[in-house]
Every structure is written in C-alpha cells, then in structure tokens.
Amino acid sequence: MQFISFKVCKLSAKPEFIEAAKAGNVLARKCTKCDELHLATVYFCSKCGSKEFEDSILKGTGKVVTYTIMTVPPAGFEDLAPYAWVVMELGDYDLRISGFLPDIQKPEDLPIGTAVKVVGFDDRGIVLKKL
Amino acid sequence: MEKVCVLGAGSTKYGKLEDSISDITVQASVDAIENAGIEPKEIQAGYISNVFGVADKQVHLGPVVMSNLGISECPSLSIESACGSGSVSFREAFANVAAGFYDAVLVTGTEKVTHTGTDWTTTYFSYCSDFFYEGQAGASFPGLFASMARAYLHEFDATEEDLASVAVKNHENGFLNPKAHFRKKITIDDVMNSAVVASPLKLYDCCPFSDGASSVILCNEKFAKEHSKDYVKVIGSGRGGSPAALQGREHLTTIPSTKIAAEAAFKMAGITSKNVDFAEVHDCFTVAEVVDTEDLGFFEKGTGATAARNGETKLNGSISINPSGGLKSKGHPIGATGVGQIVEVFEQLTGQSGERTVNDAKIGLTQNFGATGASCAVHIFQSV
C-alpha cells in the first residue's frame, strides 16, 4: 500500500501557534510548492491545494488595517471595556492576523496604520500592543 | 431538473414573543400550509433552520413540528449556518425538489432568544465567528461589522451619516410592515445620537435580537399548477463561501461569498442585477446593506452608501432594497431570517404586501449570509 504523502502536517498546530504568540511571534506555514504564506492553523494551501508546508516563525510586528473599539463586550470582557479588536498586517508579509488590544478609549488613540505588535496569548486570545 | 415554485408563505410577528420555540415554529408552518392551500399530508419532507434552539430547551425541532402537523412519519432535518441558516435550508429544499426527490416540502426557519438577555445573546452569537481569532479575542458581531465599517469609511468617500440613512430607510419600510419587530420611524440624528456599541457602529446601526418564525411551501411546477393558486417561480439559486475570519480576506469592504452566490444565481436565472425589481438583503448592520448592494451589482463598489443617502434604495426608488424593513426594522430571528426574506418576496410578487408594495415588481432577489458573510446564499424569484 502506498501512502499519498509521509509529510502530513500535525492534526493541530494550535499549541505551537499559541507558544509562538506568547513569545511575540506568529507561527506561519509556507507552501513548499507555491510559496504562499498561511497562518499555522491551516492544513492545505488555499492557492495551490498542496499540504506540504515549511514552518516559519514571523516577527509579530505590523500595522493596523482596521479595528473597532468595543464598548458592549461579550462575556468575560466586561471589566476590560473599552478595548480594541484589531486586524493587523504583519510587517513585510502578505499576511494578516487579528487580536485583542487593551486600553483604547477613542479612535484618535489608534489611527489606521498605527504600528502594533503581538505580545501574548491568554484567555483574551491573541494580545496586541501599540508600539 | 424540475422547475421549483414557492406555493405559499407564512410568518409569525418578529419581536419579543411569549410562545415557545416549538410553538412559533409550528404556527409559521401552519400559516404557510394554509396560505398554500394544501393539506399537511401532501408535504413529503421538512427543512427546519435554527441556531439556538438549545436556549429554549428544544433542538431536533423537525420531528416536533411534523408531529404537531399530524405527519410524524414525514422525514425532516435541522440546518444551522449561523444567520444564513434559513437560506441554506431553502437551498437544500430547492435542490431536492429540483432533483425530483420530492414534489412538495416545508421550509421553516425559527429562533427564540430574547428571553435570554443581551449578554447571553452577544456572547453566544460570537460563537458564530472564527472563534479562535475573533470571539475569543473579544470581538462581538457588532465589533466585526464595525471593523468592516471603519475600513469602508477609510477607503471610500462615505460618512457615518450615510450609513445611518440605511437604518432610517429600513425603519420607514418596517413602519408599513405589520409583522416587523420595530414599527417606528427614526431620523439620522436618532442614529447618530444612539449609544456606541462598537465604534463606529451605534445602537441604531445594529439590527435587534428577535424571536420569530417564517415558513414557505416549496414544490415542483406540476404540483403548483394542480393547486391552481398564485405561486412564484424560483429562477436562480447560488451559494458561496468566504474566509471564516476577517483577517483572511484581502478586502474588508466586500463579502466574497455574496459575489460567488450572486454570480451562480444570476447565471442560473439568465439575468443580471439590472433585471431585478427589488431585493431583500442581509442588513444585520447598516454597513452590511451598503456592502451587499455593491456586491450584488446594484451599485459600483464604494458608491452604495451615497446611493442610500440619496434615496435610491427607498421603497420604489431606483432599486427597492428591503421593502420588508430588513433585519434592522423587521427584525433578525437568526434561524428564520433567510426564510423570512423569501416570505417577503413571495408576498410582494403575489400582491399580499399591502402598503409596502413595490410597484410593478416581477423579479425579486434574496441575499442572506452567515456570520460576517463566511457563508451566503442568493435566490431569485419571478412572478408567474
């Protein structure tokens, strides 16, 4: 019996992804066939369909693409509001990530394009900080 | 492929309802059966869309509904696709009737959540997002759409007042709809002065959490003709998907699944957006309606907000958008909404929509998505 591939990725890269975020980094997977970059939580390349990836650790710095300031928060975030939830673009990579950014009161505090970085991962998910 | 028709439609009022989820689901189904002029025993399958039945102590709603209709032997299933559950369920029913498996089926969408309170609903609705990246990090649905709104206002020449005009227009339409959750006209100032929920979205940019159920009878054309009653043809059906998380999307001012679903539906119908007389679109937040009307091809990208402000989407404007009042004013019982849109189109195309009638309408479109548009279905209907 012939296997399609021996290089099947792990069932879940989330523990490693979380460890990387705690260190201020983003664990990504680069498709070895077409070079498309993905967050490490995918199993197949969205561009070419391949499942051969190389892990790469990216520096978790970048710029705000868009965000909101949450004033009516979901459960668990009541004591943290107002805070921002942010979509950021990672540095020089064509890759975005989103996360929780504490202590943002008003839009002037966080113009689009503001430099931000990943600083951790806890019960608030990916945690970001203004640079 | 069999031609598929909507033979009848029914709905409860949308809003805060006292009756249980099973009761409202049965009520809407009975309304649709009577409106279609059929006997329950003519129904060959039931499609029930629902998301949070667990909140009212009843999941596996299909057999409960069928038993109450006296047809416990009839097969049924439940479908969950967040806020897009209703249209996805309709699509599955459509596909099965088109394929010839069934002559006539019941499609009922339902939701009952208002008794749980805003905290519960905000939290549980956030489970419809890509939770690892969004809900877990404190993003609610208003927050996710607020992020799209900020991107839209940043990218295009549009203002928060332009977005507010969508809410004002939908409340004008909902004022004329006896089954709407809110029958109250509002002004742009009312929207602008309402409390900020997730900036830049304010309370009146957001649709309410509603209870309600809507139902339609779907059948093949032979069955419809045998029942010699007004019916409406389903001429187009399409579905599409988008990256589940906003971070996975190249543009935050468009919803890919809408475009994919619309392209498929228009192709099947052999028409374009220019042939559509009115549309019921997914306006869970004001910005969503603006993005929808652009993605469906009614307006160029970036011009939808101005078009709304200029009154082009009003009842009997250049394209009537959400004559029912939309999710904003008619209400948003999430499992029912997609079916409710189809109820509105059926009523419009069969002369049952009273004061909110779109003049001389022959072709109506529905667009209903789940979450931030991670899933979407578009349907196109034509009067006979």
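Throughout, read-outs are computed from the coordinates displayed, never taken from laboratory work. Here the structure is a predicted model, which means the values were calculated and not measured. Please note: Cβ atoms are built from the backbone with ideal geometry, for glycine as well, and neighbour counts cover all protein chains shown.
Other residues with beta-carbon under 10 Å from the beta-carbon of B:I188 carry, at +1 per Lys or Arg and -1 per Asp or Glu, a net charge of -4. Ranked by the mean number of other Cβ atoms within 10 Å of their residues, highest first, the peptides B:290-298, B:369-377 come out as B:369-377, B:290-298. Ranking B:L176, B:F132, A:T61 by how far each Cα lies toward the positive end of the dipole of the protein assembly as shown (charges on Cβ) leaves A:T61 at the top.
Of interest is the spacing of the C-alpha centroids, which for the stretch A:29-100 and the stretch B:312-352 amounts to 36 Å. The mean sequence distance of close C-alpha pairs (under 8 Å, at least 6 residues apart), as a share of the length of chain A, puts its relative contact order at 22 percent. Against chain B, whose longest principal axis comes from its Cα atoms, helix B:286-295 is set at around 70 degrees.
How large is the charge dipole for chain A, taken about the Cα centre, if only the Cβ atoms of Lys, Arg (+1) and Asp, Glu (-1) carry charge, to the nearest 20 debye?
Around 360 debye, computed over chain A.
I need the calculated FRET efficiency for the pair A:K47 and B:T187, taking r as the beta carbon distance and R₀ as 51 Å, to the nearest 0.05. It comes out at approximately 0.60.
Around the Cα centre of the stretch A:61-130, unit charges on the Cβ atoms of Lys, Arg, Asp and Glu (plus for the first two, minus for the last two) sum to a dipole of about 160 debye.
Among the trypsin sites (Lys or Arg not before Pro) within the stretch A:8-110, those in coil by DSSP and having at most 15 neighbouring Cβ atoms inside 10 Å are A:K10, A:K33, A:K47.
Taking the C-alpha atoms only, the angle from helix B:337-349 to the longest principal axis of chain B is near 70 degrees.
With neighbour counts taken as other beta-carbon atoms within 10 Å, the residues B:V107, B:V168 rank, fewest first, as B:V168, B:V107. Inter-label distance, B:W120 to A:S56: 4.8 nm, where each label sits 7 Å from its Cα along the C-beta direction.
Can you tally the net charge around A:G120? Count Lys and Arg as +1, Asp and Glu as -1, for every other residue whose Cβ sits under 13 Å from the Cβ of A:G120. After counting each charged neighbour, the total is +1.
Phi-derived couplings, Karplus 6.51 cos²θ - 1.76 cosθ + 1.60 at θ = phi - 60°, listed residue by residue for the stretch B:242-256: 9, x, 4, 9, 4, 4, x, 9, 5, 10, 9, 10, 8, 10, x Hz, with x used for Gly and Pro. Label separation (B:N316 vs A:Q105): 5.1 nm, computed from points 7 Å beyond Cα along the C-beta direction. Counting charges near B:S11 (Lys, Arg +1; Asp, Glu -1) among other residues having Cβ under 10 Å from its Cβ returns a value of 0. Quick check: the angle from helix B:141-155's long axis to the longest principal axis of chain B, C-alpha only, nearest 10 degrees? For helix B:141-155, the angle is close to 50 degrees. Let's test the formula: R0 of 51 Å, r as the Cβ-Cβ distance of A:K129 and A:T32. What FRET efficiency results, to the nearest 0.05? It comes out at approximately 0.95. Whole-Hz Karplus values for the stretch A:112-122 come out as 4, x, 4, 6, 9, 9, 6, 10, x, 8, 8 Hz, taken residue by residue from phi with 6.51 cos²θ - 1.76 cosθ + 1.60 and θ = phi - 60°; glycine and proline positions read x. Taking amide H as placed 1.01 Å from N in the peptide plane, the amide H of A:S56 sits under 5 Å from that of A:A28, A:R29, A:K30, each at least 5 places away or on another chain. Of the residues B:K169, B:K185, B:K233, which exhibits the maximal mean-square fluctuation in a Gaussian network model of chain B defined by a 10 Å Cα contact cut-off? Top of the fluctuation ranking is B:K185. Multiplying the residue separation of B:E18 and B:K222 by 0.36 nm and subtracting their alpha-carbon distance yields 69.5 nm. For chain B, adding -39500 (n - 2.57) for each run of n ≥ 4 DSSP H residues and dividing by the number of residues yields -10500 deg cm²/dmol at 222 nm.
For chain B, the share of DSSP beta bridges that are antiparallel, to the nearest 5, is 70%. With helices as the sole contributors, chain A gives -2000 deg cm²/dmol at 222 nm; each DSSP H run of n ≥ 4 counts as -39500 (n - 2.57), and the sum is divided by every residue. Of all DSSP bridge pairs formed entirely within the protein assembly as shown, close to 80 percent run antiparallel. Cβ crowding within 10 Å, taken as a proxy for footprinting-reagent exposure, orders B:H181, B:H282 from fewest neighbours to most as B:H181, B:H282. Taking all Cα pairs closer than 8 Å and separated by 6 or more residues, the relative contact order of the stretch A:14-59 comes to 40 percent. Among B:A305, B:A336, B:A98, the largest mean-square fluctuation in a Gaussian network model of chain B, built with springs joining Cα atoms closer than 10 Å, belongs to B:A98. Rg and Dmax of the stretch A:61-130, both derived from C-alpha coordinates alone, stand at 11.5, 35 Å. The GNM of chain A, with springs linking C-alpha atoms under 10 angstrom apart, assigns the highest mean-square fluctuation among A:V87, A:V72, A:V119 to A:V72.
For the stretch B:31-129, the set of chymotrypsin sites (Phe, Trp or Tyr not before Pro) satisfying both a DSSP loop assignment and a count of at most 15 other C-beta atoms within 10 Å is given as B:F101.
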